Structures are given as C-alpha cells and as structure tokens.
Amino acid sequence: MKARLRFDKERTSEPIIASVIIRTKAPINILRAEVDESTGEVLVEVPDDKADSVISAFKQMGVDVHVGRFIEILREKCIDCGHCITVCPVDAISAQSDLTVEIDQDKCVNCGACVDACPTRAIELSE
C-alpha cells in the first residue's frame, strides 16, 4: 500500500517515520520525500498486512495520511504522444506494442511529473 504523509511545521523536526517503524515493526519504504523546516510530504510504501497499524500510528502522531491515490490516464484525452514517458523518474510509464501509453501502478511513485508534462491534461492523480 502507498500512502502520502503530510507533516506540519511542528512535526518536521521529529523522527516520526523512525518511531512508527520501531512501534509497528513495519518495513516502510520511502519512495519520495520533500521535507524542510516548515513542511514535509513523504510518499511511503507499506506492506499491506501492516497498513492499518502504520496508518493509525502516523495519525496518532499528528501526521495527515492520504491513501489510495494513483496516476490515471484519461483515455478520451490521451493522444499517446509519450511526453509522460520521457519525464517519469522510475520508468513506470511505457508505450505498448500498439504505441498506447500505459502506467505500471506498482512502479509508480505518484510524483506527478507526468501530470505536469501532459500537453492534453490526460493524466491526473485520482483518489
């Protein structure tokens, strides 16, 4: 399961992720992180069998947790130009044999680079 964690100013100086790992004994994979002294946003991947306890632990520590966001291609808008393929930092987007664009959700880290790159606005983050 992937989850987006948002930290406020008071939480950015605390070892929250480390504390949750110790408390839940869950291996948490950090996929992307943007943290400074005023705010933080971290995309993590958690084993499905530990998801409930990890989410609960983060919420108890005052972290805003969002689960289940995925990149989605709006087929009616997509012209399969490939711009999204060139900007994907983890090679989660590829062209199929018929040249249609496809996203591998297991590889995707929800960074949003493809959303910004799409000239027809055919890619969006969905809940």
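The values are calculated or read from the model by the stated rules, or taken from the named source; none is laboratory data. On a predicted model such as this, the values are computed, not experimentally measured, just so you know. Every residue, glycine as well, gets a Cβ built from its backbone with ideal geometry; the counts of neighbours run over all protein chains shown. Heads up: the accessible areas ignore ligands, DNA and RNA and are worked out on the full protein's heavy atoms, side chains in. Shrake-Rupley method; radii C 1.70, N 1.55, O 1.52, S 1.80 Å.
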Percent of Cα-Cα pairs more than 23 Å apart in the chain, please. 39 percent
With a cut-off of 8 Å between alpha carbons and a minimum separation of six or more residues, what is the relative contact order of the chain in percent? 26 percent
Per residue, accessible area of the chain with a 1.4 Å probe, heavy atoms of protein chains only, in Å², comes to 57 Å²
How about the chain: what cysteines have no other cysteine beta carbon under 4.7 Å from their own? 78, 81, 88, 108, 111, 118
Where in segment 18-49 does the label zone of residue 67 land, with the point 7 angstrom along Cα→C-beta and an amide N cut-off under 14 Å? 44-49
Using a 1.4 angstrom probe on heavy atoms only, work out the carbon and sulfur share of the accessible area of segment 12-89 in %. 53 percent
Using only the alpha-carbon atoms of segment 1-40 as identical scatterers, what base-10 log of I(q)/I(0) does the Debye formula give at q = 0.29, 0.34, 0.35 Å⁻¹? -1.13, -1.21, -1.22
State the three equivalent ellipsoid semi-axes of segment 24-69, derived from the C-alpha gyration tensor as the square roots of 5 times its eigenvalues, in descending order and whole Å. 18, 13, 10
